[in-house]
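Any read-out appearing in this document is the output of simple, stated calculations on the displayed coordinates, not a laboratory observation. Predicted, not measured: the structure shown is a model, and the values here were computed from it. Cβ sites come from the backbone with ideal geometry, for glycine too, and all protein chains shown count toward neighbours.
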Amino acid sequence: MSINNLKNKFEMTVEENIFVAKRNIVDYIWKSANLEGIAVTYPDTEAIYNGLSVPEMKVDDIIAINNLKHAWRFVLENIDYPIDYPLICEINRNVGGDNLIQRAGFVRNAPVTIGGTKWCLEMPIESQIKEQLADILKIKNATDKALTIMFYCMRKQMFFDGNKRTSMLAANQIMIANGAGIITIPIEYQRNFTSLLIDFYESGNMQKIKNFTYEKCIDGIAFQK
């Protein structure tokens, strides 16, 4: 399922990559929330992250941002655990906790639709997902593997909601564990990303969005050795 023999854009140690993630975590949460349609500012994201109140925001939006904080913490605390089906489910449980997402952490058991496209999703089958994930995890390059698993999970729509957040966090578990940087979608590229994502949903061909994400959406620091 690998498309290109991509090279890692960053060559960090795991400790260096964890430092980058922690240093910029509010920024990553802010961008992820906006990608999900939560029109939150960076200062408000930072306030929520630090446990302060933001009275003008919807309760569900505040919960979503706090859940991203918890999900990031879970990923960083389990960075040595190899990505697999149970870990992806646990990430979704963190993303959808406090009744934000129906059956968070469990594969959806009813049909759903995706806005912006008439593409009909198949019902997720646990055994099939496990086999396909095992195939993806054979990809040797960390960035290639992370991007492939991210877009596979986004299109599979395993859960009732939070699929983009869950998929990106799962991909970043691979990236950080290999010192390859952080996948994050800059605000200025989110419209392009969403358009490419809809095209990918309909075509099943991830080459364009994978190349775009590789070029525009990987963050990191080139530490001096």
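When only C-alpha pairs under 8 Å and at least 6 residues apart count, what is the relative contact order of segment 92-225, in percent?
Once divided by the residue count of segment 92-225, the mean separation gives 23 percent.
Helix-only estimate, please: 222 nm mean residue ellipticity of the chain, summing -39500 (n - 2.57) across DSSP H runs of length 4 or more and dividing by its residues, to the nearest 500.
Computed ellipticity for the chain at 222 nm equals -17500 deg cm²/dmol.
For segment 120-197, take the convex hull of the Cα atoms, compute a quarter of its surface area, and give me that in nm², please.
With every direction weighted equally, the projected area is 5.7 nm².
Can you list the HN-Hα couplings for segment 219-225, worked out from phi with the Karplus curve (6.51, -1.76, 1.60; θ = phi - 60°), rounded to whole Hz and with x for Gly and Pro?
Listing the rounded values in order: 10, x, 10, 8, 5, 6, 8 Hz.
Kindly write out, for segment 89-95 in residue order, the coupling ³J(HN,Hα) from the Karplus curve 6.51 cos²θ - 1.76 cosθ + 1.60 (θ = phi - 60°), rounded to whole Hz, with x marking Gly and Pro.
Taking θ as phi minus 60°, the curve returns 4, 5, 4, 5, 4, 5, 5 Hz for segment 89-95.
Taking only the C-alpha atoms, wrap a convex hull around segment 1-68 and report its volume per residue in Å³ as a whole number.
Normalising the Cα hull of segment 1-68 by residue number yields 135 Å³.
Compute the distribution of all C-alpha to C-alpha distances in segment 23-155, in bins of 10 Å from 0, and list the percent of pairs in each, rounded to whole numbers.
10, 35, 37, 16, 1
What ³J(HN,Hα) values, in whole Hz, does the Karplus curve 6.51 cos²θ - 1.76 cosθ + 1.60 give for segment 138-153 when θ = phi - 60°, with x put for Gly and Pro?
Per-residue couplings from phi come out as 7, 4, 7, 6, 5, 5, 4, 5, 5, 5, 5, 5, 4, 6, 4, 5 Hz.
Gaussian network model of the chain, Cα springs within a sub-10 Å range: biggest mean-square fluctuation belongs to which of Ala39, Ala177, Ala146?
Ala39
In nm, to one decimal, how far is the modelled label at Arg73 from the one at Glu126, with both set 7 Å along Cα→Cβ?
Taking the simple label geometry, Arg73 and Glu126 are separated by 2.8 nm.
Checking the cross-link filter: which lysines have an alpha carbon closer than 24 Å to that of Lys130, excluding same-chain neighbours under 8 positions apart?
In chain and number order, the partners are Lys138, Lys140, Lys145, Lys156, Lys164, Lys210.
In segment 1-40, what is the volume of the convex hull around the alpha carbon atoms, normalised per residue and reported in Å³?
Spelled out: Cα convex hull of segment 1-40, divided by residues, is 109 Å³.
R0 = 45 Å: FRET efficiency of Asp60 with Asn5, Cβ-based, nearest 0.05?
Here the calculated transfer efficiency is 0.60.
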